[in-house]
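First comes the structure, then the notes that go with it.
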Amino acid sequence: MDIRTLVLGRSPRRRLKLAVASITVTASIAFTTTTASGAPTTIDDANAAAPLGNVVPAPVSVQPAADVRFYLKSDSAIYATGGAATDVANLLAGLLRTPTGYGLPLKPLSPSTDVRGIALMLGGADASTGAEGYQLKVTGTAVTIRANQRQGLINGVATLRQLLPAKVDSQNAVAGPWPVQGGQILDYPRYAYRGALLDVARHFFPVSTVKRYIDDLARYKINYLNLHLIDDQGWRIQIGSWPNLTEIGGSTGVGGMMGGYYTMADYKAIVAYAAQRGITVIPEVEGPAHEHAALASYAELNCDGVAKELYVGYTVSPDGILCIRKAVTYTFLDQVIGQLAAATPGPYIAVGGDETQGIPQADLQYYYSRVTAIVAKYGKKVLGWQESLGGLAPAGATATVWMPGLSDDLVVTAANAGAKIIMAPAPHAYLDMKYDPETPSFPVGNSWAGFIDVQTAYDWRPEAMVAGVPPSAIGGVAAPLWTETAFALDHLENLAFPRLPAIAEVGWSPAATHNWDSFKVRLAAQGPRLRAARVGYYLHPTLQWPWGS
Ligand code: NGO
């Protein structure tokens with residue numbers, strides 16, 4: 001029995017609990033007519049400035065200036081201090097020119113510049129903002145975003161987008177006004193790692209879909225994207241010296257559908273697109289399990305020297321395990337990892353390591369020591385799944401917990417010995433789970449880890465997932481989107497939204513701001529924005545979605 005079937009036993013009780021909870025909440029909403037403050041309820045409100053704190057994820061500190069308003073106007077400009085600030089200014093101008101229809105020229109910024117518009121300043125921000133934080137100040141004449149690093153400016157831009165009226169997400173020019181409420185924000189993340197995972201192996205998605213998902217993630221300050229390039233059902237990245245991986249291994253997907261692969265040029269384009277938006281791509285090379293597609297592509301990778309049939313099943317292939325003691329396995333991994341590392345500016349290579357139950361511990365340790373050495377040789381750090389902590393040297397390792405309760409002892413020991421732990425608990429953070437038994441409708445959505453409504457995606461504490469892990473060992477959170485049952489952009493977006501912003505907030509916002517009642521109001525205010533941007537999302541019935549959602 002595989003590990004996912006084992007946890008299924010918990011579902012019926014949980015299902016009942018959720019059903020009762022949702023009846024209660026629906027009933028209370030049906031009789032209320034008040035709408036959440038801050039959420040536009042009429043067309044006029046939709047043109048108004050958003051309250052300064054109405055941002056997801058919640059900022060660290062917000063000081064509104066009640067009577068002050070900035071207006072972006074046709075003669076406004078975007079000012080930047082040069083270099084990376086100018087790059088980010090370009091990004092911002094690109095986002096604002098279409099909906100406003102304004103020219104928004106870029107202008108250099110010096111201490112004597114009389115700013116009439118938006119200014120991006122690199123350097124001189126409060127030290128508390130760190131590598132990713134920013135300060136945002138809104139006066140009657142200017143919006144100023146100041147950060148010590150490029151990433152901070154990008155995060156400030158993500159905030160500013162949410163402070164403009166929701167129509168800023170329109171795909172065509174719309175009439176102003178474009179007000180921003182006055183005041184100041186100081187903001188920085190709780191965790192350095194706020195990840196998403198997109199599985200392009202079970203079903204292949206074109207470059208345009210991946211770029212679109214990156215745009216969606218960037219709204220909520222997600223900063224890592226684990227691109228799950230390899231699994232039993234498909235090999236999705238062209239490796240020069242191993243052409244069959246994509247010719248054969250990339251030819252299919254779950255159910256025999258949606259094969260395909262990225263060339264290295266495609267991959268580099270995705271990496272660059274993400275980097276521009278503040279997202280670091282992590283390529284994932286699974287192993288020693290989940291490698292059926294490679295074993296079907298090359299006879300010599302198999303212990304018996306015979307290529308396997310392609311695998312198109314739904315769950316993990318029982319035959320997808322690399323031949324751990326065969327020398328060619330490591331020639332293969334060296335070339336795959338080497339070529340991916342050369343195309344990846346980010347620090348991590350994800351080495352998989354999940355669902356290895358049944359493989360002898362000595363073999364696993366041998367495998368991880370070889371793979372770790374290869375990753376280090378190419379100047380990168382390993383990111384594994386929690387099971388790999390039995391074999392990875394803890395110092396310098398990062399691993400993602402996906403099933404609290406499975407191998408907790410390994411996680412606790414490694415965390416106390418210096419490993420960084422990312423929390424992506426399936427019962428809260430797996431975006432491929434359905435919201436409820438009917439949503440999304442069949443055949444989209446998994447349910448082995450239970451149903452995940454928006455509150456369940458939001459109400460969890462990373463530090464409480466595995467007892468004995470010191471809070472300082474937690475590096476962040478991640479929201480995986482596996483695609484056994486998702487095969488269109490629309491499926492991806494409706495699974496991710498509005499739950500992804502919930503997990504993004506768990507990763508970014510101070511624990512002290514964690515409050516479902518306040519979050520659900522801010523989250524619902526995202527509805528008109530996502531609608532205007534034509535991002536698919538589920539109008540979850542427990543939220544009071546405002547006009548335009
Ligand atoms: C598990 C499994 C994946 C599945 C996913 C489906 C991990 C880390 N391994 O998560 O292969 O796609 O569940 O929810």
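The loop-placed trypsin sites (Lys or Arg not before Pro) in the range 283-367, going by DSSP, that have at most 16 neighbouring Cβ atoms within 10 Å of their Cβ come out as R325, K326.
The length gained by stretching the chain between A127 and A395 to full extension, at 0.36 nm per residue less their Cα-Cα distance, is 93.7 nm. Working note: Karplus 6.51/-1.76/1.60 with θ = phi - 60° gives the range 354-362 the couplings 7, 6, 9, 3, x, 7, x, 4, 5 Hz, where Gly and Pro are set to x.
Sorted fewest first by neighbouring Cβ atoms within 10 angstrom, M121, M264 come out as M264, M121. Between M257 and Y273, full extension at 0.36 nm per residue minus the direct alpha carbon distance yields a gain of 3.0 nm. Here the range 431-507 and the range 231-260 have alpha carbon centers that stand 27 Å from each other. Take the Cβ atoms of Y314 and N90, set R0 to 45 Å, and the FRET efficiency comes out at 0.55. Taking each residue as 0.36 nm, the span from D459 to R4 lengthens on full extension beyond its C-alpha to C-alpha distance by 161.5 nm. Axis of helix 150-163 versus longest Cα principal axis of the chain: the two differ by about 60°, to the nearest ten degrees.
Of the beta bridges DSSP finds with both residues in the chain, what % are antiparallel, to the nearest 5? Here the antiparallel bridges make up roughly 30 percent for the chain. Computed from the C-beta positions of V68 and N172, the FRET efficiency with R₀ = 41 Å rounds to 0.85.
Note that the range 518-526 has calculated 3J(HN,Hα) couplings of 7, 4, 5, 6, 5, 5, 4, 5, 6 Hz, one per residue in order, obtained from phi through the Karplus relation 6.51 cos²θ - 1.76 cosθ + 1.60 (θ = phi - 60°); glycine and proline are x.
Taking GluC sites (Glu not before Pro) as exposed when DSSP calls them loop (any state but H, G, I, E, B) and at most 16 other Cβ atoms lie within 10 Å, what is the longest stretch of the chain free of them, the sites themselves excluded?
That would be 1-308.
Here's how it looks for K381: its modeled amide H is under 5 Å from those of Y348, I349, which are all 5 or more places away or on a different chain. Between R97 and Q361, the FRET efficiency estimated from the beta carbon spacing at R0 = 56 angstrom works out to 0.45. The ranking of D266, D409 by Cβ neighbour count inside 10 Å, starting from the fewest, reads D409, D266. Measure nothing fancy, just the Cα-based angle from helix 327-342's long axis to the longest principal axis of the chain, in degrees from 0 to 90, nearest 10. The answer is roughly 20 degrees. Taking 37 °C and 0.692 mPa s as conditions, the chain diffuses translationally at an estimated 136 µm²/s according to Stokes-Einstein applied to its Kirkwood radius (Cα pairs).
Annotation for T113 and A343: the two label points, set 7 Å from Cα along the Cα-Cβ direction, are 3.7 nm apart. Per residue of the chain, the DSSP helices (runs of n ≥ 4 H) give a summed -39500 (n - 2.57) that works out to -9500 deg cm²/dmol at 222 nm.
Counting every other Cβ atom within 10 Å of each residue's Cβ, H491, H292 order from fewest to most as H491, H292.
Spacing of the modelled spin labels on R325 and D266, each 7 Å from Cα toward Cβ, amounts to 3.8 nm.
Only the coordinates and a few stated rules stand behind these numbers; no lab work does. Model, not experiment: these values are computed from the prediction. Every residue, glycine among them, receives a Cβ derived from its backbone with ideal geometry; neighbour counts consider all protein chains shown.
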